[in-house]
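The values are calculated or read from the model by the stated rules, or taken from the named source; none is laboratory data. No experiment lies behind these values; they were computed from the predicted model shown. Glycine gets a Cβ as well: all are built from the backbone with ideal geometry, and neighbour counts include every protein chain shown.
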Amino acid sequence: MAEASLTISSKNYSSWSLRGWLLCKMAGIDFTERLAPLDDPATRAELLLLSPSFLVPCLEHGAVKVWDTLAIAEYLHETMPQAGLLPADIAARSHCRAVCGEMHSGFANLRSALPMNLKVRHDGFKVWAGAQADIERVTTIWRECLQKYNGPYLFGATPTMADAMYAPVCTRFATYDVTLDPASAAYRDLILRWTPMVEWTDAAKSEPEEVEELDVEF
């Protein structure tokens, strides 16, 4: 029997579920998935960015129940430090937490203008100015981290919680054909080829459920 369970919503649309799932995979925790139905009001509020407080993903591990993605990341780091979710060096660890926090609390224009949808591609998509500013900030973070820690992941040779936090952005950049500088494009492609990302994406593409509001033709 698995030692934990992770409640998620749609694999096709839910960026926060993806982050929590990746963190659990990276930590090596044995967990089962529980799927929150798309007709649940709280689930739809999360997917459509209509709620300030989301209850998915939610990790249950023994007597512990934690539902905020960043809190899940910190819990897994505390209980399984050998997984390397945060860098060993204190300065790099602080930097990693800072860029994770920035993703956790910011980039509202990017989220609303480029909703996560792994089943579609919008070639030649025109990004509006507000979202473009978010894109430029994300790629600045990526370039600075890749240069400082020598890649190929944001904080060095192996993935950390920062890569899990920014992984859904990589899917958005692919879905909406966002033009990137060479370093950012290489990082995007690396994450999209990452084994757990491939596993998640394959499952997402086989999901029968659809959310009409997120499947509009741009």
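Residues in segment 168-218 that are among the charged types (D, E, K, R), at pLDDT 90 or above and under 23 Å from GLY124 (Cα atoms): ARG172, ASP177, ASP181, ARG188, ASP189, ARG193, LYS205. In summary, PRO37 fulfils each of the numbered conditions (1) modelled with pLDDT under 95; (2) of a type outside the set (Phe, Trp, Tyr); (3) part of a helix (DSSP H, G or I) with the single exception of condition (3).
Summed over segment 135-179, the residues that are more than 17 Å from the chain's Cα centre (by Cα) and surrounded by fewer than 18 Cβ atoms within 10 Å (Cβ to Cβ) give a count of 12.
Residues that are among the aromatic types (Phe, Trp, Tyr) and free of Cβ contacts under 8 Å to residues at least 40 places away in the same chain within segment 119-134 comprise just one, TRP128. The residues in segment 102-117 that are under 11 Å from VAL169 (Cα atoms) and in a helix (DSSP H, G or I) can be counted, and the count is 3. Taking ALA186, is it part of a helix (DSSP H, G or I), of a type in the set (Gly, Ala, Ser), crowded, with 17+ Cβ neighbours inside 10 Å and at negative phi? Taking the combined requirement at face value, the residue does not satisfy it.
Scan segment 51-60 and give yes if some residue there is at pLDDT 95 or above and surrounded by fewer than 23 Cβ atoms within 10 Å (Cβ to Cβ), otherwise no. Yes, segment 51-60 has at least one match. Can you name the residue in segment 61-78 that is more than 14 Å from ALA4 (Cβ to Cβ) and either at pLDDT below 95 or not acidic (Asp, Glu) (or both) and, of all such residues, is surrounded by the fewest Cβ atoms within 10 Å (Cβ to Cβ)? So the residue we want is ALA71.
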